[in-house]
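The values are calculated or read from the model by the stated rules, or taken from the named source; none is laboratory data. Keep in mind that this is a model prediction, so the values were computed, not measured. Backbone-built Cβ (ideal geometry, glycine too); neighbour counts: all protein chains shown.
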């Protein structure tokens with residue numbers, strides 16, 4: 001396993017990608033309401049990313065295990081769909097638990113060469129009036145990400161991130177989704193290392209300055225098992241609600257630095 005470390009200039013370029021992502025995220029979130037179509041949100045995100053000088057990172061990307069390249073700018077996953085939901089002409093309804101996930105490519109010139117820099121983030125949004133269980137699920141998943149980011153510092157290990165995520169989730173009665181993970185990012189959308197949402201303290205590779213990680217707890221109300229659908233989206237096997245939060249985080253000498261602050 002080769003983990004690509006980034007220097008200060010490269011982290012600054014990934015942060016520039018993250019700033020574009022954050023600006024687009026905020027504008028798209030303002031349009032999330034009862035009656036909004038996922039297709040509209042996708043078109044808006046694509047338009048804004050290009051307008052701000054970036055490129056959609058998901059559009060045309062084919063992750064490992066996918067049967068075809070991804071055809072959209074955003075992943076728009078509703079209720080039991082955990083990730084990779086297609087932004088079709090579904091209109092959001094009151095009570096929906098909506099997960100918005102997308103990435104941005106920022107092209108920049110480094111040492112006389114054009115290079116691409118990637119950022120990736122996700123957030124779960126309540127649409128209209130949601131259940132108490134859904135509110136708790138969103139709160140727990142967000143807190144799990146916040147606690148995980150605190151572990152992303154030099155001298156810790158990749159297992160420390162997974163351990164704290166699982167600890168935050170399990171004590172509430174919810175389950176992390178074991179079949180889906182976070183990842184390294186920055187020079188490409190997906191890089192080493194794999195960032196599991198469970199683990200043991202001190203296990204795995206040591207975290208070092210220059211690593212950039214996409215940390216993304218995914219949590220289910222039910223048993224945590226998933227099923228892959230023909231469209232390459234992942235849904236909970238027991239059809240229960242799920243939530244997903246993600247930030248791109250740089251590990252620095254001073255500790256974790258969130259590059260996709262929304």
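Summary of computed values
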item: Flag if residue 146 is farther than 30 Å from residue 91 by Cα and in a helix (DSSP H, G or I); result: yes
item: Residue within region 153-171 that is in a loop (DSSP other than H, G, I, E, B), in contact (Cβ under 8 Å) with a residue 40 or more places away in the chain and under 17 Å from the mean Cα position of the chain (by Cα) present; result: no
item: Residues satisfying the stated conditions in region 146-161, i.e. buried (at least 20 other Cβ atoms within 10 Å of the Cβ) and touching a helix residue (DSSP H, G or I) at 6+ places or on another chain (Cβ under 8 Å); result: 148, 151, 152, 161
item: Selection within region 1-28 - touching a helix residue (DSSP H, G or I) at 6+ places or on another chain (Cβ under 9 Å) and part of a helix (DSSP H, G or I); result: 20, 21, 23, 24, 25, 27, 28
item: Residue selected from region 77-109 under the condition touching a helix residue (DSSP H, G or I) at 6+ places or on another chain (Cβ under 6 Å) and closer than 13 Å to residue 34 by Cα, by the criterion surrounded by the most Cβ atoms within 10 Å (Cβ to Cβ); result: 97
item: Any hit, region 52-73, residues being modelled with pLDDT of 95 or more, loosely packed, with under 15 Cβ neighbours inside 10 Å, out of contact with any strand residue (DSSP E or B) (no Cβ under 6 Å at 6 or more places or on another chain) and farther than 13 Å from residue 233 by Cα; result: yes
item: Set 92, 100, 88: member being at pLDDT 95 or above and under 24 Å from residue 261 (Cα atoms); result: 100
item: Number of the condition not met by residue 112 [criteria: (1) out of contact with any strand residue (DSSP E or B) (no Cβ under 7 Å at 6 or more places or on another chain); (2) modelled with pLDDT of 95 or more]; result: (2)
item: Checking residue 179 against (1) surrounded by fewer than 22 Cβ atoms within 10 Å (Cβ to Cβ); (2) at pLDDT 95 or above, the condition it does not meet; result: (2)
item: Among (1) in contact with a strand residue (DSSP E or B) (Cβ under 6 Å, 6 or more places away or on another chain); (2) farther than 17 Å from residue 241 by Cβ; (3) in contact (Cβ under 8 Å) with a residue 40 or more places away in the chain; (4) buried (at least 19 other Cβ atoms within 10 Å of the Cβ) - the single one residue 199 does not satisfy; result: (1)
item: Subset of region 219-233 [surrounded by fewer than 24 Cβ atoms within 10 Å (Cβ to Cβ) and assigned to a strand (DSSP E or B)]; result: 226, 227, 228
item: Leading residue by the ranking (surrounded by the most Cβ atoms within 10 Å (Cβ to Cβ)) among those in region 204-218 that are under 14 Å from residue 155 (Cβ atoms) and in contact with a strand residue (DSSP E or B) (Cβ under 6 Å, 6 or more places away or on another chain); result: 211
item: Residue in region 251-261 that is assigned to a loop (DSSP other than H, G, I, E, B), under 17 Å from residue 17 (Cα atoms) and more than 12 Å from the chain's Cα centre (by Cα) present; result: yes
item: Qualifying residues in region 7-28 (those that are buried (at least 20 other Cβ atoms within 10 Å of the Cβ) and either at pLDDT below 95 or in contact with a strand residue (DSSP E or B) (Cβ under 6 Å, 6 or more places away or on another chain) (or both)) - the one farthest from residue 195 (Cα to Cα); result: 20
item: Test for residue 210: is it more than 18 Å from the chain's Cα centre (by Cα), assigned to a loop (DSSP other than H, G, I, E, B) and without any contact (Cβ under 8 Å) to a residue 60 or more places away in the chain; result: no
item: Matching residues, region 110-130, being in contact (Cβ under 8 Å) with a residue 40 or more places away in the chain and under 26 Å from residue 91 (Cβ atoms); result: 121, 122, 123, 124, 125, 127, 128
